[in-house]
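Novice: Please find one structure pasted underneath; my questions will follow.
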Amino acid sequence: MSNGSGLQPVVFDTQQREWTNRHLTYTQPLLGIYNIWNPIGGRPLERYNATTRALQGLIADAVRDRVRLRALGGGWSLSLAPATDGRLINTKPLNLFFRLAPRLVDARYTGNPAGLRFVQCGSAIVELNKRFLRQGRSLRTCGASNGQTIVGALSTGTHGSAIDRGAIHDTVVGLHLVVGPRRHVWLERASQPVASDEFARQLGAERVRDDALFDAALVSFGSFGIIHGVMLETDELFLLKLYRRRMPLNGPLRRALSTLDFSGLDLPGGAERPYHFQVVVNPYALDAGAHVITAYRGPFRPDYRPPRSDPEGLGPGDDAAAFIGLITDLAPPTIPFAVNQTLTRAYRDIQGVEGTLGEIFSNATIRGRVASTAMGVPLSRATEALDLVLAINREAGPFPVLAAFRYVKRTRATLGWTRFEPTCVFELDGPVSARTLSLYRRVWAALRERGIPHTLHWGKQLELDAASVRSLYGDAVDQWLTARNRLLDAESRRVFSNRFQEELGLATP
């Protein structure tokens with residue numbers, strides 16, 4: 001096979017000197033933003049390998065100029081985790097997509113080789129859903145917001161929505177990391193061989209099989225180098241049947257929130273254990289009950305009727321973040337009315353709407369300026385967290401925020417924030433405002449004061465320092481730092497660090 005040396009990716013300096021994220025929660029001054037496109041012509045793998053060399057060239061420039069560098073995905077993160085004051089590489093145009101020939105799969109791989117897909121870093125979740133649909137495949141899980149790139153989603157720990165599945169990064173079994181001007185590696189777990197030696201040779205990458213390195217690199221917000229490609233495990237295409245209705249926030253539902261025991265609870269859709277379970281609580285309509293959303297997984301059949309967006313443009317699986325930003329920074333007396341009106345308009349009951357994963361969870365847009373924080377808590381503490389928020393809202397509110405609960409299995413990622421078995425994902429969504437942020441701060445402080453174990457979504461709003469990160473993650477911090485030091489040399493560690501890491505004690509010289 002040709003080495004593709006004649007193929008030239010396009011790298012374009014946009015001359016931008018600041019960057020604002022999609023949710024408009026911050027603007028970051030920087031030295032420049034570079035758009036990069038795969039070369040035109042040639043075989044897909046030749047084009048991919050040429051882009052690897054271009055990325056190495058950009059890293060070499062950063063080393064030479066002693067500036068920092070970060071890869072930019074969909075810009076979906078609300079936190080400064082992926083930000084830089086140096087140079088940003090816009091990877092969204094990088095969306096090559098590969099199936100694996102049998103010779104490229106390790107004979108010891110225990111999964112289904114037909115389900116493996118190798119995708120380039122800029123592939124958006126919404127784009128992957130469409131591609132997989134045409135091939136009769138599906139992502140195993142996804143978040144409610146699908147404007148993210150696959151690498152952006154996994155790098156901050158996007159948690160997905162299936163109660164008996166892991167997060168998005170838990171479906172990843174291989175990473176192609178460009179770690180320096182002269183080095184790029186194919187990384188997978190030693191305990192889970194996936195790709196053959198031939199696959200690594202075709203990438204021209206150094207093979208590394210190491211559980212500790214892989215688990216650390218999964219959730220590393222761009223600090224382990226540029227993740228150029230990702231190996232995903234996918235499922236056969238399936239359908240979800242979605243229900244949404246209000247239910248009394250009483251004993252049976254509260255028990256389900258903290259146990260995932262659905263016995264005695266008349267769930268929308270039936271008594272079967274759901275694939276997806278979510279509860280949205282409006283503090284200003286507690287007597288009317290909570291919105292309970294369930295989805296049930298079944299085999300794909302071609303005669304289903306795909307869902308349509310409602311008149312507001314909302315899809316069936318949209319979460320509160322899809323619409324709550326439409327509420328502006330209101331005076332306190334008007335907040336309950338505004339929240340009730342917005343929720344009534346956006347969150348109508350649903351009775352058995354069917355669709356693929358990508359059709360049910362289809363949101364790739366942002367309406368208004370949205371604030372969001374997500375906390376992982378142990379399942380048994382879920383109702384305690386709910387009562388804490390409701391009490392704060394009564395005593396210090398009103399706050400223009402909705403509370404939501406989702407669930408996911410524990411991750412193996414070293415700094416994955418879904419670290420409880422299982423993790424209750426406790427979200428607070430509202431408009432960007434001083435009042436919203438003041439609630440978040442009160443809740444974070446109350447969790448600490450009550451001794452409720454918790455973590456914070458790396459890609460949503462959070463306020464941490466080095467001491468609090470060590471308090472939340474313990475020895476995992478040193479494990480993560482050790483792995484990063486093993487994988488990156490000192491020059492690359494400097495290039496791929498940012499202020500966010502430094503303030504959290506996650507950068508080493």
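Novice: Under 22 Å from Trp417 (Cα atoms), modelled with pLDDT under 95 and either touching a Cys at 6+ places or on another chain (Cβ under 7 Å) or assigned to a helix (DSSP H, G or I) (or both): does that describe Gly160?
Specialist: Values: under 22 Å from Trp417 (Cα atoms): yes; modelled with pLDDT under 95: yes; either touching a Cys at 6+ places or on another chain (Cβ under 7 Å) or assigned to a helix (DSSP H, G or I) (or both): yes.
Yes: the conditions hold for Gly160.
Novice: Only one of (1) open to solvent by less than 20 Å² (accessible area, probe 1.4 Å); (2) at pLDDT 95 or above; (3) within 24 Å of Gly358 (Cα to Cα) is not met by Glu236, so which one is it?
Specialist: Of the numbered conditions (1) open to solvent by less than 20 Å² (accessible area, probe 1.4 Å); (2) at pLDDT 95 or above; (3) within 24 Å of Gly358 (Cα to Cα), the odd one out for Glu236 is (1).
Novice: Sticking with this structure for a sec: Which count do you get for residues in the stretch 17-31 that are under 25 Å from Ser145 (Cα atoms) and part of a strand (DSSP E or B)?
Specialist: Going residue by residue through the stretch 17-31, those that are under 25 Å from Ser145 (Cα atoms) are 18-28.
Add one more test, that the residue is part of a strand (DSSP E or B), and what stays is 18-20, 27-28.
Qualifying residue count, the stretch 17-31: 5.
Novice: Please enumerate the residues belonging to the stretch 57-67 that are open to solvent by 20 Å² or more (accessible area, probe 1.4 Å) and either in contact with a helix residue (DSSP H, G or I) (Cβ under 6 Å, 6 or more places away or on another chain) or of a type in the set (Ser, Thr, Tyr) (or both).
Specialist: Matches in the stretch 57-67: Val63 only.
Novice: Do we find a residue being in a helix (DSSP H, G or I), buried (at least 19 other Cβ atoms within 10 Å of the Cβ) and either more than 18 Å from the chain's Cα centre (by Cα) or in contact (Cβ under 8 Å) with a residue 40 or more places away in the chain (or both) anywhere in the stretch 415-437? Give the derivation first.
Specialist: Looking only at the stretch 415-437, we keep the residues that are in a helix (DSSP H, G or I), and these are 434-437.
Among the residues that remain, those that are also buried (at least 19 other Cβ atoms within 10 Å of the Cβ) are: 435-436.
Those still in the list that are either more than 18 Å from the chain's Cα centre (by Cα) or in contact (Cβ under 8 Å) with a residue 40 or more places away in the chain (or both) too: 435-436.
Yes, some residue in the stretch 415-437 is in a helix (DSSP H, G or I), buried (at least 19 other Cβ atoms within 10 Å of the Cβ) and either more than 18 Å from the chain's Cα centre (by Cα) or in contact (Cβ under 8 Å) with a residue 40 or more places away in the chain (or both).
Novice: Right, another one. Considering only the stretch 385-414, state which residues are assigned to a loop (DSSP other than H, G, I, E, B) and either open to solvent by less than 10 Å² (accessible area, probe 1.4 Å) or among the polar types (S, T, N, Q) (or both).
Specialist: Quick first cut of the stretch 385-414, residues assigned to a loop (DSSP other than H, G, I, E, B) only: 397-401, 409-414.
The answer is Phe399, Pro400, Val401, Thr411, Ala413, Thr414.
Novice: Criterion first (of a type outside the set (A, V, I, L, M, F, W, C), within 16 Å of Gly416 (Cβ to Cβ) and surrounded by 22 or more Cβ atoms within 10 Å (Cβ to Cβ)) does Gly459 satisfy it? Walk me through it before giving the result.
Specialist: Details: of a type outside the set (A, V, I, L, M, F, W, C): yes; within 16 Å of Gly416 (Cβ to Cβ): yes; surrounded by 22 or more Cβ atoms within 10 Å (Cβ to Cβ): yes.
It is true that Gly459 is of a type outside the set (A, V, I, L, M, F, W, C), within 16 Å of Gly416 (Cβ to Cβ) and surrounded by 22 or more Cβ atoms within 10 Å (Cβ to Cβ).
Novice: List the pairs whose first member sits in the stretch 207-230 and is touching a residue at least 12 places away in the same chain (Cβ under 8 Å) and farther than 24 Å from Ile36 by Cα, whose second member is among the aliphatic types (A, V, I, L, M) and open to solvent by 20 Å² or more (accessible area, probe 1.4 Å), and whose Cβ atoms are under 8 Å apart, counting only residues at least 6 apart or on separate chains?
Specialist: Arg209/Ala190; Asp210/Ala190; Asp211/Ala190
Novice: Can you tell me which residue is most open to solvent (accessible area, probe 1.4 Å) among those in the stretch 73-118 that are under 13 Å from Ala195 (Cβ atoms) and in a loop (DSSP other than H, G, I, E, B)?
Specialist: Here the residue is Arg108.
Novice: Of the residues Leu45, Leu80, which single one is closer than 30 Å to Leu506 by Cα and either within 19 Å of the chain's Cα centre (by Cα) or at pLDDT 95 or above (or both)?
Specialist: Working: Leu45 fails: closer than 30 Å to Leu506 by Cα.
One residue alone meets the criteria, Leu80.
Novice: Within the group Glu198, Glu188, which residue is among the acidic types (Asp, Glu) and in contact with a strand residue (DSSP E or B) (Cβ under 7 Å, 6 or more places away or on another chain)? Walk me through how you get there before you give the answer.
Specialist: Working: Glu198 fails: in contact with a strand residue (DSSP E or B) (Cβ under 7 Å, 6 or more places away or on another chain).
The match here is Glu188.
Novice: Restricting attention to the stretch 5-16, which residues are surrounded by 11 or more Cβ atoms within 10 Å (Cβ to Cβ) and in a loop (DSSP other than H, G, I, E, B)? Spell out how you get there, then give the answer.
Specialist: Taking the stretch 5-16 and keeping what is surrounded by 11 or more Cβ atoms within 10 Å (Cβ to Cβ), we get 6-12, 14, 16.
Correct list: Gly6, Leu7, Gln8, Pro9, Thr14, Gln16.
Novice: Which residue, of Arg246, Arg273, Arg255, is in a strand (DSSP E or B) and surrounded by fewer than 17 Cβ atoms within 10 Å (Cβ to Cβ)? It would help to see each step written out before you state the result.
Specialist: Working: Arg273 fails: in a strand (DSSP E or B); Arg255 fails: in a strand (DSSP E or B).
Going through Arg246, Arg273, Arg255 in turn, the sole match is Arg246.
Novice: Could you tell me whether Gly222 is of a type outside the set (Lys, Arg), on the phi > 0 side of the Ramachandran plot and surrounded by 20 or more Cβ atoms within 10 Å (Cβ to Cβ)? Lay out the reasoning, then the answer.
Specialist: Details: of a type outside the set (Lys, Arg): yes; on the phi > 0 side of the Ramachandran plot: yes; surrounded by 20 or more Cβ atoms within 10 Å (Cβ to Cβ): yes.
Considered against the rule, which asks whether it is of a type outside the set (Lys, Arg), on the phi > 0 side of the Ramachandran plot and surrounded by 20 or more Cβ atoms within 10 Å (Cβ to Cβ), Gly222 comes out as yes.
Novice: With the requirement that a residue be open to solvent by 10 Å² or more (accessible area, probe 1.4 Å) and touching a Ser or Thr at 6+ places or on another chain (Cβ under 8 Å), what does the stretch 160-182 give you?
Specialist: As a first pass, look at the stretch 160-182 and keep what is open to solvent by 10 Å² or more (accessible area, probe 1.4 Å): 164-166, 170-171, 181-182.
Once the filter is applied, which keeps residues that are open to solvent by 10 Å² or more (accessible area, probe 1.4 Å) and touching a Ser or Thr at 6+ places or on another chain (Cβ under 8 Å), the stretch 160-182 yields Arg165, Gly166, Asp170, Thr171.
Novice: Out of the residues in the stretch 340-366 meeting the condition of being at pLDDT below 80 and in a helix (DSSP H, G or I), tell me which one is farthest from Thr294 (Cα to Cα).
Specialist: Gln341
Novice: Continuing with the same structure: Has the stretch 135-153 got at least one residue that is at pLDDT 95 or above, more than 19 Å from the chain's Cα centre (by Cα) and not in a loop (DSSP other than H, G, I, E, B)?
Specialist: yes
Novice: Name the single residue, out of those in the stretch 32-53 being among the basic types (Lys, Arg) and in a helix (DSSP H, G or I), that is nearest to Phe500 (Cα to Cα). First the steps, then the outcome.
Specialist: Taking the stretch 32-53 first, the residues among the basic types (Lys, Arg) are 43, 47, 53.
Going one step further and asking which of them are in a helix (DSSP H, G or I), we end up with 47, 53.
Working: Arg47: 33, Arg53: 28 Å.
Among those residues, the one meeting the criterion is Arg53.
Novice: Follow-up. Might you check whether a residue that is under 23 Å from Leu504 (Cα atoms) and aliphatic (A, V, I, L, M) occurs anywhere in the stretch 10-26?
Specialist: yes
The values are calculated or read from the model by the stated rules, or taken from the named source; none is laboratory data. In this text, all values refer to a predicted model and were calculated from it rather than measured experimentally. Cβ atoms come from the backbone with ideal geometry, glycine included; neighbour counts cover every protein chain shown. Calculation scope for accessible area: heavy atoms of the full protein, side chains included, ligands and nucleic acids excluded. Shrake-Rupley method; radii C 1.70, N 1.55, O 1.52, S 1.80 Å.
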